Amino acid sequence: MGRLSRWSLFGVIVFGVSIASAQARPDAEQRAGRYLESVRTQPSLVLAFLHEMPKGGDLHNHLGGALYAENLIDYAVDDGLCVDRTTSILIAPPCDASCEKYTSKPAVRCAYQDHVLYNSIVDAWSMRNWKPADESGHDHFFSTFDKFSLATHTHTASALAEAESRAAADHLQYVEFMHTADGGESAQLGAKLGWEDDFAKMRAGLLAGGLGDIVIATRKQLDEDEARISSKLKCRTTEADPGCKVTVRYLYQVLRGLPRQCVFAQILLGFELAQADPRFVGLNLVMPEDWYVPMHDFDLHMKILDYLHGVYPKMHISLHAGELAMGLVPPDGLSFHIRESVERGHAERIGHGVDVMNEKDAIGLLHEMAQRNVLVEICLTSNDVILGVAGNDHPLPVYLRYGVPVALATDDEGVSRSDMTHEYLRAAETYHLSYAALKKMARQSLEHSFLPGASLWTDFKASHIVSSCATDSRAGGKISEVCQKFLDTNERARVQWNLETEFAGFEKKY
């Protein structure tokens, strides 16, 4: 008995030492975090680390601004377009017959042999070499779209293929593209039928007047575009581009600067599309928040959203709100957009939210957003170049302090000349965010995506995975039948599982 007691005591000691050693030994996430801290003073190594880091989803990505000017020049050449040499605005042919430098309307193809013309186009169509002394960042940024828009009309598939390939290179698993997928047909229908103060009558008139046909045509066009994307990326072949693995969904993009009858028609189309086609997971209202119509009709837009959300209660809504700064609009214009978007516009996510501390009862609003679990799509580069808001002036640390969920996003990465990796780099360097904080943002992007199905997490804050897959996540090996069944029937969880798998592979390197 004495010998057994001694061996039992020895076993307890060994077991205790093993547990203590396991607790003292950092896990993979901690090792990755320690590595990031060790290279904080070496930006190139931080960049390399963040480039390889899995980043979840990009929830705020305008397809129209996602392409780099170099891509758009190629599209313009394919379409035989001309360019105004002075303004860099694209013009329909015929072009000047010669590429000589004295011509005022050369073919865009002339830029391939004229580096001065080529560089001037790139600068005019993006924030590259923008000089604050010449023009505000806000004005230069938003003027780019009218200059290059003609090149985007027939190249949706090419644009999506390029954007998906770039997302994969950035180690994203998911993107929600804001896309006015009907080409403005619903807005034209709204303009044709006119305004009706009775929203129910206006909805009925639009549906009777052909909106359903626009839904059908839009879905057919997206089918064709996605077939072209698959071909361009060589999906389902041995040479498949990594972009094939990125899960893509669409937010119907409403142009809120248009007349009210056009805005109503577009919002209604967004609701109808989401009801008819699972690829459309929600909608968003776009165009500069400070322009006259978006400011003047803001209350009307919230009323329209409130009414239509009552008709389509399952519809997901993300709204641009608070993409404003002091001086851009009168002070009262900064005081209510975010709150109204959440409380009346039914926004589950807020895009930008830069002016939140100018809202009435800002602290109360932050508590409300945290309680409602409203995520803010943070676009650091965009907010800097458009609004001049960066560093300590940006509310990202405030949102974090009050527990408001946030996720980094690119906004218009082509126009801004950025990408998701550099959004993470800016966040890490400016706010000294830890690896764990950045990882949480990546996870939050998928938790707050508009993908259907249950979440992988039963308790996101505590990082508790659903029981069906909890054992599998710890084992890190073959997925059990019960877990696979759960993932197969819940798309949100499936993409989240992919992210966790990518994290496991990434963190093993450290």
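Summary of the geometry: the range 92-125 and the range 184-239, compared by the centres of their Cα atoms, lie 35 Å apart.
Shown here are the Rg and Dmax of the Cα trace of the range 207-338, at 17.9, 57 Å. For the chain, the dipole from Cβ point charges (+1 on Lys and Arg, -1 on Asp and Glu) about the Cα centre works out to 2160 debye, to the nearest 20. In the chain, the longest principal axis of the Cα atoms and the axis of helix 137-148 are about 60 degrees apart. Note on the range 428-472: Kirkwood hydrodynamic radius from all Cα pairs is 12.0 Å, rounded to one decimal.
Take every DSSP beta bridge whose two residues both sit in the range 298-415; close to 0 percent of them are antiparallel.
Neighbours of T421, meaning other residues whose beta-carbon lies under 15 angstrom from its beta-carbon, give a summed charge of -4 when Lys and Arg score +1 and Asp and Glu score -1. Among residues other than V122 with Cβ under 10 Å from its Cβ, the summed charge is 0 (Lys and Arg +1, Asp and Glu -1). Cross-link reach is defined here as a Cα-Cα straight distance under 12 Å, omitting same-chain residues fewer than 8 places apart; for K55 the aspartates and glutamates meeting it are D170, D419, E423, E500, E502.
Using a 7 Å offset from Cα along Cα-Cβ at N392, what residues in the range 331-362 end up with backbone N under 11 Å from the label point? None, by backbone N distance to the label point. Relative contact order, whole percent, for the chain stands at 18, derived from Cα pairs under 8 Å and 6 or more residues apart.
Taking only protein heavy atoms and a 1.4 Å probe, the accessible area of the range 222-364 is 54% carbon and sulfur.
Extension gain, Q113 to R40: 0.36 nm times the residue separation minus the Cα-Cα distance gives 22.0 nm.
With both bridge residues required to lie in the chain, what share of the DSSP beta bridges run antiparallel, to the nearest 5%? Roughly 15 percent of the beta bridges in the chain run antiparallel, per DSSP. Using a cut-off of 24 Å between Cα atoms, the listed pairs K232/K440; K439/K509; K439/K461 include K232/K440 as exceeding that distance.
Remark: the range 40-159 carries 45 Å² of accessible area per residue (probe radius 1.4 Å; ligands, DNA and RNA excluded).
Gain on full extension, evaluated as 0.36 nm per residue between R279 and S231 minus their Cα-Cα distance, stands at 15.4 nm. With N counted as the residues of the chain, its alpha-carbon radius of gyration over 2.2 N^0.38 Å works out to 1.07. Computed packing ranks the peptides 314-325, 394-405, 363-374 as 314-325, 394-405, 363-374, most packed first, by mean other Cβ atoms within 10 Å.
Rounded to the nearest 0.05, the FRET efficiency derived from the C-beta distance between D459 and D78 at R0 = 60 Å is 0.75. Its relative contact order, with pairs defined as Cα atoms under 8 Å and 6+ residues apart, puts the range 39-157 at 25 percent.
The convex hull of the Cα atoms of the range 50-199, projected and averaged over all directions, covers 12.8 nm².
Here the label points at D27 and A504, each 7 Å from Cα along the C-beta direction, are separated by 1.3 nm in the simple model. For the range 202-298, the per residue solvent-accessible surface stands at 43 Å², with DNA, RNA and ligands left out and a 1.4 Å probe.
The slack between R128 and E343, meaning 0.36 nm per residue of separation minus the straight C-alpha distance, is 73.6 nm.
Electrostatic tally near V389: other residues with Cβ closer than 11 Å to its Cβ, Lys and Arg +1, Asp and Glu -1, net -4. When each of the peptides 482-489, 409-416 is scored by how many other beta carbons lie within 10 Å of its residues on average, the order from highest to lowest is 409-416, 482-489. The residues of the range 317-375 present an accessible area of 35 Å² per residue when probed at 1.4 Å with all protein chains retained. Here the range 225-277 is assigned +1 on the Cβ of each Lys and Arg and -1 on the Cβ of each Asp and Glu. Its dipole about the Cα centre then comes out at about 120 debye.
The values are calculated or read from the model by the stated rules, or taken from the named source; none is laboratory data. The model shown is predicted, which means the values in this text are computed figures rather than measured ones. Note that each Cβ is placed from the backbone with ideal geometry, even for glycine, and that neighbours are counted across all protein chains shown. Accessible surface areas use protein heavy atoms only, side chains included; no ligands, DNA or RNA. Shrake-Rupley method; radii C 1.70, N 1.55, O 1.52, S 1.80 Å.
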